[in-house]
Amino acid sequence: MSVYLGFWKDLPRPILGLAPMDGVTDVVCRTMVVRHGKPDVVFTEFTHVEGLIRASQRLLQDFKYSDTERPVVAQIYGHRPEFFYLATHVVCELGFDGVDINMGCPAKKVVSKNCGAGLIREPELAREIIRQTRQAIHDWANGQRLEDLDIPKKLIRLVREANARRGVDAYERRIIPYSVKTRIGYDQCVVEDWVRCLLSESPAAIALHGRTLKQMYRGEADWEAIRCAAKIIHETGTLVLGNGDVTNLQMAAERIQESGVDGVLIGRASIGMPWLFQNKEELRRVVRGEYSGPVLDINPSPMQRLAISLEHAELLQNVRGDRVFPAIKRHLSGYLSGFPGAAVLRRQALLSKTFSELRAQLEPYTKMSKQNGATRVAQ
């Protein structure tokens, strides 16, 4: 079976992507990262396939995206292949550039249902899930409609309304690539056998987090295990992306060179730092051996950090309203750091319950910073 790469083949090498993070990489977060850093690819938060098909309007909210994010990949998870088949039709109908299957989430409530990283111990089930995803892509591309399937009418209506809001009547029926994000093992590293299992189903890409499920996020990511897996994956047409403990682009360049991966996904380090991806072309020059200096970090001024935090909050308010303001608080900890007085300002900002309260806290500091002649983050 040949590997279909789709948009992946057109991405520059090495690839630098925003990793999917539950409760973090919503449409607002991704929009901010694209505006200020423009990674090569972004992923949605993971969405439960069975919950989606049961017409949960809240879960469909996780699939909100804007065309500025492209290529944008919908990430889904679950344990029942038949629901992957249905959910993948929804992903295709919504016009996503690709679909990613989460086989790496270590959360207890996910793993206890044989979802996420729990699938590492169920290789045959994992393979069947990939098969059903692939079959759904082909069936949709060949004309199968949502109305032909056991999909609730309410969900179909919500999908049509979501497309209409983007000014689209219907997306072109085409094959999109499927990929897998996973870990190097369950309670011990079994990455070589595990990636061979996944490769038998010819995904476009495999993203490997360098920890076992048992480790959760403790200890250090095992990039040697990723290197060994990359050698196996490179015997096929599938791409391999590394993930874990990459905190800046200099480290990303080093991990790419050491492990031989086709790129990296950066997750936690980007929270409250959407500008993190800006120097990716400099990273590529380092990896190609065209530049021997360090990949410099972008270091926004206090005014820039304040302005971007307000921009994020205002966009979140426009999308979700003041009631869910806590969604920005993880990002605020990153935005409001690295300058004198940041700790006090951060404590005050985190007590805000609405965008209006946050603006009242931050605008005086923004005005003072402007008077000191600060400039915008370079684009």
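Each reported figure results from applying straightforward, stated rules to the coordinates on display, with no laboratory input. For clarity, every value in this text was computed on a predicted model and none was experimentally measured. Don't worry about glycine lacking a Cβ; one is built from the backbone with ideal geometry, like all the others, and counts go over all protein chains shown.
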- Query: So for region 302-371, taking the charge dipole from beta-carbon charges (+1 Lys/Arg, -1 Asp/Glu), which of G321, Q304, L345 sits furthest toward the positive end?
  - Reply: L345
- Query: Which value results when the Cα radius of gyration for region 1-49 is divided by 2.2 N^0.38 Å?
  - Reply: 1.32
- Cross-link pairs beyond the 32 Å C-alpha cut-off, checked among K181/K353; K181/K329; K9/K108; K9/K64; K154/K280; K64/K231: K181/K353; K9/K108; K154/K280; K64/K231
- Message: Just to confirm the number: angle between the C-alpha axis of helix 249-259 and the first principal axis of the chain, 0 to 90 degrees, nearest 10?
- Response: 30
- Message: Above 19 Å lies some portion of the pair distances; for region 145-289, what is it as a whole percent of all C-alpha pairs?
- Response: 62
- Message: Per DSSP helix of 4 or more residues, -39500 (n - 2.57); summed, then divided by the residues of the chain. What does that give at 222 nm, rounded to the nearest 500?
- Response: -12500 deg cm²/dmol
- Query: So for the pair L351, K113, with labels modelled 7 Å out along Cα→Cβ, what separation do we get in nm?
  - Reply: 3.9
- Task: Positive end of the charge dipole of region 6-287 (Lys, Arg +1 and Asp, Glu -1 on Cβ, about the Cα centre): tell me which of W8, N243, A164 has its Cα farthest that way.
- Result: A164
- Nearest 10, in degrees from 0 to 90: the angle of helix 153-165 to the longest Cα principal axis of the chain is 50
- Query: For region 207-349, what ratio Rg/Rh do Cα atoms give with a Kirkwood hydrodynamic radius?
  - Reply: 1.04
- Message: Tell me the angle of helix 223-233 to the major Cα principal axis of the chain, expressed in degrees between 0 and 90 and rounded to the nearest ten.
- Response: 40
- GNM result for the chain, Cα springs below 10 Å: residue of Y291, Y77, Y186 fluctuating most strongly: Y291
- Give or take rounding to whole Å, what are the principal axis extents of the alpha carbon atoms in region 274-351, in descending order? 49, 30, 17
- At q = 0.18, 0.24 Å⁻¹, the log10 of I(q)/I(0) for region 47-147 from a Debye sum over equal Cα scatterers comes to -0.84, -1.34
- Over all directions, what mean area does the Cα convex hull of the chain project, stated in square nanometres? 18.9
- Message: Explain nothing, just the number: dipole magnitude of the chain about its Cα centre with +1 on each Lys and Arg Cβ and -1 on each Asp and Glu Cβ, in debye rounded to the nearest 20.
- Response: 1120
- Would you please put 266-277, 109-120 in order of how densely packed they are, using the mean number of other Cβ atoms within 10 angstrom per residue and starting with the highest? 266-277, 109-120
- Note on the structure: With +1 on the Cβ of every Lys and Arg and -1 on the Cβ of every Asp and Glu, the dipole magnitude of region 302-371 about its Cα centre, in debye rounded to the nearest 20, is 180
- Directionally averaged shadow of region 182-236, computed from the convex hull of its alpha-carbon atoms, nm²: 3.4
- Query: For region 243-320, which GluC sites (Glu not before Pro) are both in a DSSP coil and crowded by at most 11 other Cβ atoms within 10 Å?
  - Reply: E290
